[in-house]
Amino acid sequence: MASAPIDLRSDTVTRPTPGMRRAMAEAEVGDDVYGEDPTVRALEARVAERLGLEAALFVPSGTQGNQIAIGVHTRPGEEVILEEASHPFHFENGAMGALWGVQPRTVVGQRGLLTPAQIQTAFRGHDDHLPRSRLVILENTHNRGGGTVWKPEVFAAVVATARAAGLSVHLDGARLFNAEVAAGVPASSWARLTDSTTVCFSKGLGAPVGSVLSGSEAFVAEARRLRKRLGGGMRQAGILAAACLYALDHHLSRLAEDHENARVLAHRLAQIPGVRLELDRVETNMVYADVPVEAAPLVSRLRVAGLLVNSVGPRTLRLVCHLDVDRAGCERAADILRASLDTK
Ligand code: TLP
């Protein structure tokens, strides 16, 4: 029998472990639209506390968490300042325009990270001709930036600049716990400075579904209304929240392994003739590598050879390490890529 392919397309492909499935099966549940699911409530309380924010709301996905936040913070015609490769701009299907009638003002960051001066420059000021700047969105870790981690002091300076201009700040923290583990500081170091933060459990933490959007009590009350509007009110969602609680207890600290595996993988890839990557860019669980051939047909050849990866540019691949692929799997992935390039 052929062995299962090594799937490094994303950390979203992780499947619930037997222990997580047991926790899900045993979860105490109720109707969460009535606010009666004790497991969802426990998760929301725990995440809010961890992030240093007042309250939280369980939502089906990171995309919905980000979009609800935009919906709460803005009014139609207003402008959102965010990095041009950020998920809410690049990967959310035009949602902020489609759902809330706001327009993005993009800024090009350094590996996805912005400076206070860039926020200041993007801010429109007060002129009746211009859209009103309302919200800044930051991303930590920054996915397309390479899984980059914000230095807490730079993040604080950017937030301070936004606040001085009267702007709200939302953090897309889909992988904020990767940042926590990589930087060795609590997730609250970033999140408590924001007006709202989304964290995801269905990425490296290994839950099948689920994100949590946190903010003030007033923010979360409004977010709950918009979640319902978007069809995100779930009923016995404690089954899912139990997986997220399990992930906090059992999968968070092991993210360090994924980061180490990504470094090992990157070192191996860097030794393949024609493959180019900057090793110091591998800060968490992602490896972006330039290849000497067209990426799309290479991805197809790799699939046949037993390695799944995504192409993210004409000659760029993204490989993401996670709990379903161990060190040996990552090493084998590099060997498969080397062999596929040899036979091009
Ligand atoms: N990212 C996915 C794809 O959508 C690109 C991936 O494979 O990396 N914020 C960030 C920073 C993300 O990376 C993602 C997912 C999301 C939000 C959206 O989360 P979901 O998929 O739960 O809507």
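Relative to the longest principal axis of the Cα atoms of the chain, the long axis of helix 38-51 lies at roughly 90 degrees.
Mean residue ellipticity, 222 nm, helices only, the chain: the sum of -39500 (n - 2.57) across DSSP H runs of n ≥ 4, divided by residue count and rounded to 500, is -12500 deg cm²/dmol. Across the chain, the mean sequence separation of Cα contacts (distance under 8 Å, 6 or more residues apart), normalised by length, yields a relative contact order of 25 percent.
Phi angles across region 244-256 convert, under the Karplus curve 6.51 cos²θ - 1.76 cosθ + 1.60 with θ = phi - 60°, into 3J(HN,Hα) values of 5, 4, 4, 5, 4, 6, 10, 10, 6, 5, 6, 4, 4 Hz, Gly and Pro given as x. Relative to the longest principal Cα axis of the chain, at what angle does helix 152-164 sit, 0 to 90 degrees, rounded to 10? Approximately 30 degrees, to the nearest ten. Magnitude of the charge dipole for the chain, about its Cα centre and with charges confined to Cβ atoms of Lys, Arg (+1) and Asp, Glu (-1), is about 600 debye.
Of the peptides 44-57, 138-151, the order by per-residue mean of other Cβ atoms within 10 Å, starting with the highest, comes out as 138-151, 44-57. Couplings 3J(HN,Hα) for region 16-23, derived from phi with the Karplus relation 6.51 cos²θ - 1.76 cosθ + 1.60 (θ = phi - 60°), are x, 6, x, x, 5, 4, 5, 4 Hz, where x marks Gly and Pro. Dipole magnitude for region 112-203: computed about the Cα centre from +1 point charges on Lys and Arg Cβ and -1 point charges on Asp and Glu Cβ, it is near 100 debye. For the pair region 202-256 / region 266-299, the C-alpha centres are spaced 33 Å from each other.
Just so you know, the averaged projected area of the alpha carbon convex hull for the chain sits at 17.7 nm².
All Cα-Cα distances of region 186-262, cut into 5 Å bins from zero to the largest, leave 3, 13, 18, 22, 22, 13, 5, 3, 0 percent in each bin in turn. Sorting the segments 289-297, 34-42 by their residues' average number of neighbouring beta-carbon atoms within 10 angstrom, most packed first, yields 34-42, 289-297. For residue 230 and residue 91, FRET efficiency with R0 = 25 Å and r from the beta-carbon atoms, rounded to 0.05? Once rounded, the FRET efficiency stands at 0.90. For the chain, the longest principal axis of the C-alpha atoms and the axis of helix 327-342 are separated by about 60°.
Pairs of alpha-carbon atoms within less than 8 angstrom and 6+ residues apart define the contacts here; what relative contact order does region 165-217 have, in percent? Don't skip to the answer; put the middle values down first.
Values: 69 pairs, mean separation 19.0, N = 53.
RCO, region 165-217: 36 percent.
No value in this document is a laboratory result; all are computed from the given coordinates. Bear in mind that the values here come from a model prediction, so they are computed numbers and not experimental data. Note: ideal-geometry Cβ built from the backbone for every residue, glycine included; neighbour counts use all protein chains shown.
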